[in-house]
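Encoded as structure tokens, the structure appears first; notes follow it.
Read the figures in this text as sums done on the coordinates, not as results from a lab. Computed from a predicted model, the values in this text were never measured in an experiment. Please note: Cβ atoms are built from the backbone with ideal geometry, for glycine as well, and neighbour counts cover all protein chains shown.
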Amino acid sequence: MDIKISLKNTDITRTEIDEKKQPANSALDSLWSGKLDMTGWVQAPLKQDKEELDYILNVADIVKSEAELMVVIGIGGSYMSAKAAIEALPKAEDGIDVRFAGINFCSPYHRELMNEMSRKETVLCVVSKSGNTMEIRAAFDIFRALMEKKYGSREAAAGRIITITDKHSGALREETDREGYVSFEIPGNIGGRYSAMTPAGLFPMAVAGIDIRALIEGEKAAASSPEWDRNATDYAIARMLMMEKGKQVETIEFYDPRLTFLGEWMKQLYGESEGKEGKGLFPVTLNFSTDLHSMGQFLQQGSQVFFETVIVVDEYEEEITIPSGPLAGKTLEDLNRAAFQGVAEAHRQAGIQVIELRIPKLDAYHYGQLLYFLQTTCAVTGMLMGVDPFDQPGVEDYKREMRKALGQ
Ligand code: PA5
């Protein structure tokens, strides 16, 4: 397990952590027991079905050879893990452009994608566990009509539509069976925001050219690591302690803009899993050094409602050297490291609590470890808080009210 946590810039003591080890370990045990609903993702990396993985890779190869663009229609957990990985990780040259639709109700956003689709050979990939999400339904109907027009018939369009949905239930499963779309399954016991390791995450990543075998190997390494328990539960317990000490906001910080959307994914994972019954840490993400020139002021001297979790990448694949001027000879990464040290010291002097998470390298293998680490942490913190980290009753409330507003 290569993801490391440091609490040296917090006032959390080893004794405080150890006092919560027992409930954290029983949370971990129930995650691993296989008896808890929606925890299929816990053992998934160790049980990866070889046939399914080959099928994902084969279909991805066909899509890459026949299309220039794949439009993924999905929202929330049905697209965020794929987009985050595509923005963060290196991609093979044969990977094609993967774009996302159905993530808002904005016509100009979708019109731009429609214009692009009319110029490029396109495949549509519709991802919805429930099969009845409004954003997805609307975008699918718009984009399918365009595909029928572009490729000449309903049948020709159907040959370029792939669905990823629940194995047995939901409107999208019925439609898939009726229209004969190529399809992958999201297991019934894995919810949207924990679905990165299912076809919902893996297939779009593979089409974009990400090495999903390495990603799965990373997840597997994390899931079977003896150090696992200590690192993931230490972070979960530290978050819980921060809450108990009165912190209400977790600012998740990056020094690498490729991780911006990982931050969005984390916000969804933490916010939707933990924000219940009046509890939870409000997750915020910041990108440094950009946000040091804006929110940096608030962090240093504003209301201390927050603690920080900084995610640091240790090794860069490239370091650009500054050729002239007062910084000649230094690399951008030298400056990034100095910014990190400067911020750490200034925040230490101001008494700000900073948790540090380190990932050795931004590659598929280590990223797989990080995903698994974060999912486990989130589930354990939620269980320590006494909420169900796998439901989202509040989200369902808005969906219901929106249907009413539409008279449906
Ligand atoms: O994590 C979740 O369960 C949600 O964010 C869902 O992924 C999101 O609401 C989309 O739902 P569905 O995949 O059923 O269309």
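Structure above, values below:
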item: Simple spin-label estimate for residue 111 and residue 185 in nanometres, 7 Å along Cα-Cβ; result: 4.2
item: Pair residue 224, residue 403: separation of 7 Å Cα→Cβ label points (nm); result: 4.3
item: Values of log10 I(q)/I(0), in the order q = 0.21 Å⁻¹, for segment 1-149 under a Debye, Cα-only, solvent-free model; result: -1.39
item: Highest-first arrangement of 78-87, 264-273, 147-156, where packing means the average Cβ count within 10 Å; result: 78-87, 264-273, 147-156
item: Cβ-derived FRET efficiency at R0 56 Å, residue 293 paired with residue 37, nearest 0.05; result: 0.80
item: Nearest-20 debye value, segment 156-262 charge dipole, Cβ charges on Lys, Arg, Asp, Glu; result: 100
item: Gain in span if fully extended, residue 258 to residue 87, counting 0.36 nm per residue against the direct Cα distance; result: 61.0 nm
item: Within a Gaussian network of the chain (alpha carbon springs, distance under 10 Å), most fluctuating of 322, 237, 355; result: 322
item: Virtual spin-label span in nm between residue 327 and residue 30, 7 Å along Cα→Cβ; result: 5.0
item: Backbone N under 11 Å from the residue 62 label point (7 Å along Cα→Cβ), restricted to segment 127-159; result: 159
item: Whole-Å distance, taken between Cα centres, linking segment 161-207 and segment 300-342; result: 40
item: Listed residues 248, 349, 375, most fluctuating in the chain (Gaussian network, C-alpha, under 10 Å); result: 349
item: Dipole-positive endmost among 299, 321, 228 within segment 215-331 (Cβ charges, Cα centre); result: 299
item: Over segment 157-220, relative contact order from alpha-carbon pairs under 8 Å, at least 6 apart, %; result: 26
item: Pairs from 8/330; 220/245; 35/220; 8/83; 50/220 whose Cα-Cα separation, in the structure shown, is over 24 Å; result: 8/330; 220/245; 8/83
item: Highest-fluctuation residue, 141, 211, 388 considered, GNM on the chain with Cα pairs under 10 Å; result: 141
item: Relative contact order (%) - the chain, alpha-carbon pairs under 8 angstrom, separation at least six; result: 24
item: Segment 283-337: equivalent-ellipsoid semi-axes (sqrt of 5 x gyration tensor eigenvalues, Cα, Å); result: 28, 15, 8
item: Gain on full stretching of the segment that runs from residue 119 to residue 361 - 0.36 nm per residue minus C-alpha separation; result: 83.4 nm
item: Share, in percent, of DSSP beta bridges within the chain that are antiparallel, nearest 5; result: 10
item: Along principal axes, Cα extents of the chain, largest first, whole Å; result: 66, 58, 45
item: Extension gain (nm, one decimal) between residue 47 and residue 13, 0.36 nm per residue minus Cα-Cα; result: 8.6 nm
item: In order through segment 34-45: 3J(HN,Hα) via Karplus (6.51 cos²θ - 1.76 cosθ + 1.60), integer Hz, x for Gly, Pro; result: x, 9, 8, 4, 6, 10, x, 5, 5, 9, 3, x
item: Whole-number D in µm²/s for segment 234-307 (Stokes-Einstein; Kirkwood sum over Cα pairs; 37 °C, 0.692 mPa s); result: 252
item: Fraction in percent of alpha-carbon pairs per bin - 5 Å, segment 114-187; result: 3, 17, 28, 26, 16, 8, 2, 0
